[in-house]
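Below is one structure, written out as structure tokens, with a few remarks after it.
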């Protein structure tokens, strides 16, 4: 199969769809790989490294889209790429369609079969292709919050871990999944007073057993959320409903109960955000203030550490790319029903139930 990897063009997105090591695996199996020139240059993956792995370096994205049977990306196609997709082509990337009707309509019109990393499941119902980026985003959420808390960044001037004689920051994590667990790990590591809120008692028990008394856990009731966020210096929104829009856990009216200068990090912004006042931002302009509350809503948080993210993502996606290349998507789905859950658009129709419900 001819596999094409265009350069990412989303704002400050430096990840690339596959590493040279991934290319070598595909080429060794008899497949051909096109890489757009300089696709990985920003993270030290030069054209020469890709050529040494067996890839063909292509000057333009247009040629890649015109010739490749399978397009492998990181982020959803941008508006300038919509017209490049074609009927019968397979697109394999993050899509997050529940919050983006314009993109959904464009992909429907393209005639391509579009598989979303974020809705592929494994035999245990987990999300193997979303997990590595959720791990990165969870850990990054605390790093970016620490930076945003500086007075020089317009923040309240709070050190997350405090110092002897000065209390640490109060961090509340809404959601105890992969993002939430990794955010908690980092916050605890920096010495912050950390609480995770989730509606799954088994998950809370698991977190309690893992972190012990360093982590406080709360069952997710409205009262528990209201009380916790009123004391928080930092709130991480880490909820996920696979394929669907994120629930709004903090409304505009609730902002008045927060500390002035508190920081909201909305890791769920790709799925529409879990705060009512969230709107997508970029790494170039990551924050804005609503009702005296600082919002950080960057839609591609892992792109800030693009080298780590690229290698972590390829580790997860390569077996699936290989399945598509070896068998085509229909046979690959027949072999793996969880992989089939990744199909979001096919033959001009939305095929994932949660996406269909979210878009009405």
Before we move on, is residue 261 surrounded by fewer than 20 Cβ atoms within 10 Å (Cβ to Cβ), touching a residue at least 60 places away in the same chain (Cβ under 8 Å) and under 23 Å from residue 146 (Cα atoms)?
-> yes
Yes/no for residue 174 being farther than 27 Å from residue 205 by Cβ, touching a strand residue (DSSP E or B) at 6+ places or on another chain (Cβ under 7 Å) and either modelled with pLDDT under 95 or surrounded by 23 or more Cβ atoms within 10 Å (Cβ to Cβ) (or both) = no
Taking the range 340-360 and keeping residues in a helix (DSSP H, G or I) and closer than 21 Å to residue 77 by Cβ leaves 354, 355, 356, 358, 359
Which one of these does residue 323 not meet: (1) in contact with a helix residue (DSSP H, G or I) (Cβ under 7 Å, 6 or more places away or on another chain); (2) in contact (Cβ under 8 Å) with a residue 40 or more places away in the chain; (3) surrounded by 17 or more Cβ atoms within 10 Å (Cβ to Cβ)?
-> (2)
Under the condition of being under 30 Å from residue 17 (Cβ atoms) and touching a residue at least 60 places away in the same chain (Cβ under 8 Å), which residue from the range 274-298 is surrounded by the fewest Cβ atoms within 10 Å (Cβ to Cβ)?
-> 284
From the list 243, 261, 272, which residue is modelled with pLDDT of 95 or more, on the phi > 0 side of the Ramachandran plot and out of contact with any strand residue (DSSP E or B) (no Cβ under 6 Å at 6 or more places or on another chain)?
-> 261
When you look at residue 226, is it out of contact with any helix residue (DSSP H, G or I) (no Cβ under 6 Å at 6 or more places or on another chain) and over 24 Å from residue 293 (Cβ atoms), yes or no?
-> no
If we ask which residues in the range 227-241 are surrounded by fewer than 19 Cβ atoms within 10 Å (Cβ to Cβ) and touching a residue at least 24 places away in the same chain (Cβ under 8 Å), their number turns out to be 3
Could you check, for the range 278-293, whether at least one of its residues is in contact with a strand residue (DSSP E or B) (Cβ under 6 Å, 6 or more places away or on another chain) and in a helix (DSSP H, G or I)?
-> no
Condition broken by residue 132, with the remaining ones in (1) farther than 26 Å from residue 213 by Cα; (2) touching a residue at least 60 places away in the same chain (Cβ under 8 Å); (3) part of a loop (DSSP other than H, G, I, E, B); (4) in contact with a helix residue (DSSP H, G or I) (Cβ under 8 Å, 6 or more places away or on another chain) satisfied | (3)
Is it the case that some residue within the range 344-360 is out of contact with any strand residue (DSSP E or B) (no Cβ under 8 Å at 6 or more places or on another chain) and under 18 Å from residue 71 (Cβ atoms)?
-> yes
Pull up the range 1-23, narrow it to residues that are modelled with pLDDT of 95 or more and surrounded by fewer than 17 Cβ atoms within 10 Å (Cβ to Cβ), then point me to the one that is nearest to residue 270 (Cα to Cα).
-> 9
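The values are calculated or read from the model by the stated rules, or taken from the named source; none is laboratory data. All of these numbers come straight from a predicted model, not from anything done at the bench. Backbone-built Cβ (ideal geometry, glycine too); neighbour counts: all protein chains shown.
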